[in-house]
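Enquirer: Got a structure for you, questions after.
The values are calculated or read from the model by the stated rules, or taken from the named source; none is laboratory data. Because the structure is a prediction, the values reported are computed rather than measured. Counting neighbours? That spans all protein chains shown, and the Cβs are built from the backbone with ideal geometry, glycine included. Side chains are part of the model used for accessible areas, which takes the heavy atoms of the whole protein and leaves out ligands, DNA and RNA. Shrake-Rupley method; radii C 1.70, N 1.55, O 1.52, S 1.80 Å.
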Amino acid sequence: MKRWLPGLTALIIVAFLAPVGAGAQGKDTITVALPSHAPTLDPHMHFERVGILVNINMFDSLLHRSAKLEFEPSLATSWRALNDTTWEFKLRKGVKFHDGSTMTAEDVKYSFDRVLEPGQEKKKSPQYGNVRAIKEVKIVNADTIHLITDKPFPLLLERLVFFPIVPKKYIEKVGEEAFGSTAAVGTGPWKLVEWKRDQHIRLEAFDQLKTGGVDIIRNVNADLLPDLKSHPQTRISTTPILRVHYISLDMRSAPFDKKAARQAANYAIDKQAMLQKMMAGLGKQVATVVQPAAFGFDASVPVYPYDPKKAKELLAQAGYPNGVDITMYSSLVDWRPHFEALAQMLTEAGIRTTVKMWDPGPAWNKFFQTEGKATQAQYGSWGNYSVFDADAVLHPLYHTEPGGWIGKHYARVEGLDRLIDEGRSTLDQSKRKRVYAEIQRMIREEAPSIFLYTQNDTLGISKKVAYEARPDEWLWLFAAKPVN
């Protein structure tokens, strides 16, 4: 468990791009610049990557994943499958929450129950779809729990790497609103000191172990790479990750209720130009939204080539020989130049695109939690919750059940729900591969999205710190060490 790894006395996560290597906060502080903050610190009530990166340093889950992507103990010291639908977990003893209380099996059960309670799929936790297969959390004794699923669920261990455990009695005492804003308490190596919305989050090392001061920036823009590489105080660490970029198309109404229009949109985008000119080559074009690193990826499915002539022909076939006007939204504030470039390519092919930015917090969450209207398309990226399985991108983007995210609003591909359910409810891995291959061929043809590319996780790091970008996209800051 990471409790015994070196930490810092203070961690300040700022919501703006600070200079790398500046060391402005002193030798016992690490400053991490992120483009925004999540709308809440409650780890169960959002699914935004920047919030997750904060949460994983404040909260522990049952399992951890090593830098080699192997499962390791965290709050659970061991685990085993008792049968196809029951897993047993032994809990670590003596773990303390930041308020001094001891973590118990009741806290583990409560953490799952608050996401899985009846009707929750229509309420506020966007993580319901991740764990809805769990039908019961049974406390066997003080240090043993059973997770019981409604059918075989091959993704269970993957999902437990990020499912933070929260304190039951403490939340009942302070209330959920305070817990998500001013009084968040976990068992992780960093505890909350202060959160000023849209400015900074200040965390303090829970164990008070000291190392040196460092600075890290995520998602370094391509135009900054040469300067950071050549600067004497900074360096770049980059690695391929699961994150895939896409444009969701609303299949419920014109123009994208026509397959020809959706395919036209795919041919209209020059993905290689985007990768080379705007992403410094740090990514890979993909045929669908399934990433090469994910289980079930089928390399035989061909990508959509850039063909603006064919795009215009297909648009005419769809009934729009003179083009069509659409509105496209995004909440990716740090990817706005890419968003605007994609819109310009669509416009040049006859899909005249007006771009609008959502607020990355409340407005975006409102879209996912309500009816999902107001736009024909939305540009986003998906990191699978760092789950290396095709289901982790297919279910949220395309399944139409209430517990889904984008799929429940936009996707309407006949037979796709059934295949996704089939792939996530059998332990036969060869069968799962066949199912996911069929899905990738199906969505490549039906084009419910514009399929773009994966990206690298690219960090700008002070040369004073030993830390490298991870393939799972986590920022495990307790592992950062000073360079002597």
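Condition check ((1) buried (at least 17 other Cβ atoms within 10 Å of the Cβ); (2) in a loop (DSSP other than H, G, I, E, B); (3) over 16 Å from the mean Cα position of the chain (by Cα); (4) touching a residue at least 60 places away in the same chain (Cβ under 8 Å)) across all residues:
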site: His395; (1), (2), (3), (4): yes, no, no, yes
site: Lys408; (1), (2), (3), (4): yes, yes, yes, no
site: Glu438; (1), (2), (3), (4): no, no, yes, no
site: Leu452; (1), (2), (3), (4): yes, no, yes, yes
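Enquirer: Could you list all residues from the stretch 243-268 that are closer than 20 Å to Asp334 by Cβ and open to solvent by less than 10 Å² (accessible area, probe 1.4 Å)?
Expert: The answer is Val244, His245, Tyr246, Ile247, Ser248.
Enquirer: Is the stretch 112-125 home to any residue that is touching a residue at least 40 places away in the same chain (Cβ under 8 Å) and in a loop (DSSP other than H, G, I, E, B)?
Expert: yes
Enquirer: For the structure I just gave you, tell me whether Asp270 is touching a Phe, Trp or Tyr at 6+ places or on another chain (Cβ under 6 Å) and under 23 Å from Thr458 (Cα atoms).
Expert: Against the criterion (touching a Phe, Trp or Tyr at 6+ places or on another chain (Cβ under 6 Å) and under 23 Å from Thr458 (Cα atoms)), Asp270 qualifies.
Enquirer: Here's something else I'd like to know. For Lys312, work out the one condition from (1) basic (Lys, Arg); (2) more than 21 Å from Asn384 (Cα to Cα); (3) touching a residue at least 60 places away in the same chain (Cβ under 8 Å) it doesn't fulfil.
Expert: Failing condition for Lys312: (3).
Enquirer: Going by what's in this entry, would Lys366 be described as surrounded by fewer than 21 Cβ atoms within 10 Å (Cβ to Cβ) and modelled with pLDDT under 90?
Expert: Criteria met by Lys366.
Enquirer: Let me ask something else. Kindly indicate whether Leu157 is assigned to a strand (DSSP E or B) and either of a type in the set (A, V, I, L, M) or open to solvent by 10 Å² or more (accessible area, probe 1.4 Å) (or both).
Expert: Values: assigned to a strand (DSSP E or B): no; either of a type in the set (A, V, I, L, M) or open to solvent by 10 Å² or more (accessible area, probe 1.4 Å) (or both): yes.
No: the conditions fail for Leu157.
Enquirer: Could you identify the single residue in Ala299, Ala374 that is modelled with pLDDT under 95 and open to solvent by 60 Å² or more (accessible area, probe 1.4 Å)?
Expert: Ala374
Enquirer: Which residue, of Glu158, Glu176, is under 24 Å from the mean Cα position of the chain (by Cα), in contact (Cβ under 8 Å) with a residue 40 or more places away in the chain and over 23 Å from Asp84 (Cβ atoms)?
Expert: Result of the check over Glu158, Glu176: Glu176.
Enquirer: Look at Ser381 and say whether it is part of a loop (DSSP other than H, G, I, E, B), of a type outside the set (A, V, I, L, M) and touching a residue at least 40 places away in the same chain (Cβ under 8 Å).
Expert: no
Enquirer: For the stretch 333-361, enumerate the residues that are part of a loop (DSSP other than H, G, I, E, B) and more than 27 Å from Leu314 (Cβ to Cβ).
Expert: Filtering the stretch 333-361 for residues part of a loop (DSSP other than H, G, I, E, B) gives 349-350, 358-361.
Trp358, Asp359, Pro360, Gly361, listed by residue number.
Enquirer: In the stretch 279-296, how many are among the aliphatic types (A, V, I, L, M), open to solvent by 30 Å² or more (accessible area, probe 1.4 Å) and either at pLDDT 95 or above or within 19 Å of the chain's Cα centre (by Cα) (or both)?
Expert: Here is the first cut: in the stretch 279-296, the residues among the aliphatic types (A, V, I, L, M) are 279-280, 282, 286-287, 289-290, 293-294.
Going one step further and asking which of them are open to solvent by 30 Å² or more (accessible area, probe 1.4 Å), we end up with 280, 282, 293.
Narrowing further to those that are either at pLDDT 95 or above or within 19 Å of the chain's Cα centre (by Cα) (or both): 282, 293.
Of the residues in that region, 2 qualify.
Enquirer: Would it be correct to say that Thr85 is at pLDDT 90 or above, of a type outside the set (D, E, K, R) and out of contact with any helix residue (DSSP H, G or I) (no Cβ under 9 Å at 6 or more places or on another chain)?
Expert: Yes: the conditions hold for Thr85.
Enquirer: On the basis of being touching a residue at least 40 places away in the same chain (Cβ under 8 Å) and surrounded by fewer than 22 Cβ atoms within 10 Å (Cβ to Cβ), does Thr347 make the cut?
Expert: Values: touching a residue at least 40 places away in the same chain (Cβ under 8 Å): no; surrounded by fewer than 22 Cβ atoms within 10 Å (Cβ to Cβ): yes.
No; evaluated as a whole, the condition is false for this residue.
Enquirer: Filter the stretch 126-145 down to the residues that are part of a strand (DSSP E or B) and open to solvent by 30 Å² or more (accessible area, probe 1.4 Å), then identify the one that is nearest to His409 (Cα to Cα).
Expert: Lys135
Enquirer: Which of the numbered conditions does Leu34 fail, given that it passes all the others? Conditions: (1) under 22 Å from Leu155 (Cβ atoms); (2) at pLDDT below 90.
Expert: So Leu34 meets the others, but not (1).
Enquirer: Then there is this: Residues Ile171, Ile165: which one is in a loop (DSSP other than H, G, I, E, B) and either among the small types (Gly, Ala, Ser) or open to solvent by less than 30 Å² (accessible area, probe 1.4 Å) (or both)? Please lay out each step first, then the result.
Expert: Values: Ile171 fails: in a loop (DSSP other than H, G, I, E, B).
Of the residues listed, the single one that is in a loop (DSSP other than H, G, I, E, B) and either among the small types (Gly, Ala, Ser) or open to solvent by less than 30 Å² (accessible area, probe 1.4 Å) (or both) is Ile165.
Enquirer: A follow-up question, please. Being at pLDDT below 95, surrounded by 15 or more Cβ atoms within 10 Å (Cβ to Cβ) and of a type outside the set (Lys, Arg) narrows it down to one of Glu121, Glu72, Glu117, so name that one.
Expert: The match here is Glu121.
Enquirer: Given Leu53, Leu62, which one is of a type in the set (A, V, I, L, M), at pLDDT 90 or above and on the phi < 0 side of the Ramachandran plot?
Expert: None of the others qualify; the one that does is Leu62.
Enquirer: Ok, one more. Farther than 15 Å from Leu160 by Cα, more than 20 Å from the chain's Cα centre (by Cα) and crowded, with 21+ Cβ neighbours inside 10 Å: does that describe Phe97? Steps first, answer last, please.
Expert: Numbers: farther than 15 Å from Leu160 by Cα: yes; more than 20 Å from the chain's Cα centre (by Cα): yes; crowded, with 21+ Cβ neighbours inside 10 Å: yes.
The answer is yes for Phe97.
Enquirer: Which residues, counting only those in the stretch 252-275, are farther than 16 Å from Gly323 by Cα and at pLDDT 95 or above?
Expert: Hits for the stretch 252-275 are Asp270, Lys271, Gln272, Ala273, Met274, Leu275.
Enquirer: A further question follows. Taking Ser430, is it open to solvent by 50 Å² or more (accessible area, probe 1.4 Å) and more than 19 Å from Val220 (Cβ to Cβ)?
Expert: Against the criterion (open to solvent by 50 Å² or more (accessible area, probe 1.4 Å) and more than 19 Å from Val220 (Cβ to Cβ)), Ser430 qualifies.
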